[in-house]
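Every number in this text was worked out from the coordinates using simple rules, so none of it is lab data. Model, not experiment: these values are computed from the prediction. Note that we place each Cβ from the backbone using ideal geometry, even for glycine, and neighbour counts take in every protein chain shown.
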Amino acid sequence: MTASPHATSTPAPHESALAPVYAQYPFEVARAEGVWLIGPRGERVLDLYGGHAVAALGYGHALWSEALAEQARSCQFQTNALPMSVREHAAQRLLVFAELPFASVFMVNSGAEANENALRLALRMSGRAHVVAIEGAFHGRTAAASAVTWGSQSWYGFARTPFDVSFLPRGDLQAIEAEVSERTAAVIVEPVQGLAGAVDLGAPYLAALRARCDAVGAQLIFDEVQCGFGRIGVPYAARLYGVMPDMLTTAKALGNGFPVAALLTSAQVSATLKIGLLGTTYGGGPMACAAVLATIEAIESERLLENVRRVSAYIRRTCLTGPVSAVQGEGFLLGLRTRRPAKQIHAELLRRGILTGTASDPDVVRLLPPFILQEAHVDLLSRALTDLDA
Ligand SMILES: Cc1ncc(COP(=O)(O)O)c(C=O)c1O
């Protein structure tokens with residue numbers, strides 16, 4: 001196949017040079033603006049999926065685009081061994097934005113990498129080799145992150161997990177007592193599970209995990225890669241539920257599309273860090289830091305978390321219609337529970353110009369829209385849902 005630099009549409013799957021690991025939706029994105037994806041012939045799709053929860057500010061955001069262009073002109077990259085004010089500034093701003101008493105920030109490139117480092121620290125601090133995770137969890141595709149991902153045995157691909165793993169049934173307080181013990185290095189949990197279908201684990205369950213970790217000397221790790229950085233209408237779920245983890249991982253919305261993730265550590269964990277203990281080439285690069293700063297600035301100056309809370313409540317009021325029997329989750333991490341298979345609803349909505357997500361629960365359509373979504377956009381969804389089963 002000869003690739004043309006002027007090609008306006010993607011080749012058929014069998015002609016593609018890309019590894020065939022993603023099923024392709026029947027819509028090609030040529031460009032995007034606001035909450036709209038635009039095809040090669042100008043056709044428009046309302047984006048309620050945000051590129052897997054990433055595009056927090058939507059598309060073509062002026063402040064974010066200009067901040068990245070400016071950083072590219074001034075210095076696009078430098079090693080973490082050379083101090084840069086943009087890096088220090090981004091870490092400080094992230095700690096303030098989090099509104100949680102974390103002491104330091106280690107920046108990496110992806111959610112899985114942030115979780116990998118969090119687990120590594122927990123194992124090293126305790127000298128233990130057992131980690132507890134929750135049924136339904138998704139933590140990423142690297143060795144440690146996939147070891148704590150529910151159901152990963154079928155695609156894990158490594159000969160063995162790097163440590164012993166137990167999974168807890170959601171909401172089962174007795175199982176916490178039984179499984180989290182003096183041999184446990186860490187409990188890792190998504191406070192609102194994403195891929196599972198926007199499953200809110202709730203304050204009492206998270207508080208019980210905290211209490212048990214304290215009792216046995218294990219680290220509590222919140223994976224807020226999907227639910228964090230404002231997606232649930234507050235900076236982090238830890239704050240919403242009043243449960244402080246020892247470590248928190250954040251990614252996705254954090255860079256609004258520029259790859260960046262971070263591991264936030266408590267004072268106690270930070271005190272164990274030494275030169276050379278963690279490392280990365282690209283993590284914390286100046287472009288990533290400029291993206292974090294611009295995303296925080298836009299969220300705050302445009303009061304986007306208020307918008308998430310208001311429009312989320314509107315979705316709950318108006319989208320219980322057509323095939324939807326219940327709405328679960330928080331903020332803009334919502335699951336529409338459907339009476340018919342979610343895959344069907346997803347495909348029918350896409351045919352009507354609305355992109356949603358699915359979940360590992362086959363009866364949940366997942367919504368992860370940009371934080372700028374307005375009521376008028378939700379009206380398009382609720383009308384389409386009503387029409388589906390009219
Ligand atoms: C909760 C959670 N943790 C970790 C990850 C992995 O992040 P990444 O794909 O950036 O490695 C994801 C990705 O979907 C996620 O939803």
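Here the gap between Ala267 and Asp389, fully extended at 0.36 nm per residue and compared with their Cα-Cα distance, gives a gain of 38.6 nm. Among 345-352, 361-368, 193-200, 164-171, sorting by the average number of other beta carbon atoms lying within 10 angstrom of each residue, highest first, gives 193-200, 361-368, 345-352, 164-171.
For the chain, the relative contact order works out to 22 percent when only alpha carbon pairs closer than 8 Å and six or more residues apart are counted. Site pair Arg340 and Trp36 shows an inter-label distance of 2.8 nm when each label is modelled 7 Å from Cα along Cα→Cβ. Comparing Ala185, Ala203, Ala81, which has the greatest mean-square fluctuation in the GNM of the chain with Cα pairs linked when under 10 Å apart? Ranking Ala185, Ala203, Ala81 by mean-square fluctuation puts Ala81 first. What you get for the range 62-301, charging only the Cβ of Lys and Arg (+1) and of Asp and Glu (-1), is a dipole of about 460 debye around the Cα centre. Neighbours of Ala129 by Cβ distance under 14 Å: Lys/Arg scored +1, Asp/Glu scored -1, total +3.
Across the range 365-371, rounded Karplus estimates of 3J(HN,Hα) from the backbone phi angles (6.51 cos²θ - 1.76 cosθ + 1.60, θ = phi - 60°) give 9, 9, 10, 9, x, x, 5 Hz, Gly and Pro being marked x. Between Ala347 and Glu66, the simple spin-label model (points 7 angstrom out along Cα→Cβ) gives 4.5 nm.
For every helix of n ≥ 4 consecutive DSSP H residues, a contribution of -39,500 (n - 2.57) applies; sum these over the chain, divide by its total residues, and give [θ] at 222 nm rounded to the nearest 500 deg cm²/dmol. The helix contribution divided over the chain gives -10500 deg cm²/dmol.
Projecting the Cα atoms of Phe106, Ile275, Thr358 onto the charge dipole of the chain (Cβ charges, centred on the Cα centre) puts Thr358 farthest toward the positive pole.
For the residues Trp64, Trp155, Trp36, a GNM of the chain with alpha-carbon springs under 10 Å puts the largest fluctuation on Trp155. Here the Karplus relation 6.51 cos²θ - 1.76 cosθ + 1.60, evaluated at θ = phi - 60°, turns the backbone of the range 238-246 into coupling constants of 3, 6, 4, 9, x, 10, 9, x, 7 Hz, with x for every Gly and Pro. Counting Lys and Arg as +1 and Asp and Glu as -1 over every other residue whose Cβ lies under 14 Å from the Cβ of Ala175, the net charge comes to -2.
Estimated from the Cβ-Cβ distance and a Förster radius of 35 angstrom, the FRET efficiency linking Leu278 and Tyr25 is about 0.40.
Remark: spin-label model distance Arg73-Tyr156 equals 5.1 nm, labels positioned 7 Å along the Cα→Cβ axis. Magnitude of the charge dipole for the range 78-156, about its Cα centre and with charges confined to Cβ atoms of Lys, Arg (+1) and Asp, Glu (-1), is about 180 debye. Screening the chain for whole DSSP H helices of 15 Å or more along their axis (Cα) with average Kyte-Doolittle hydropathy at least 1.0 returns 286-301.
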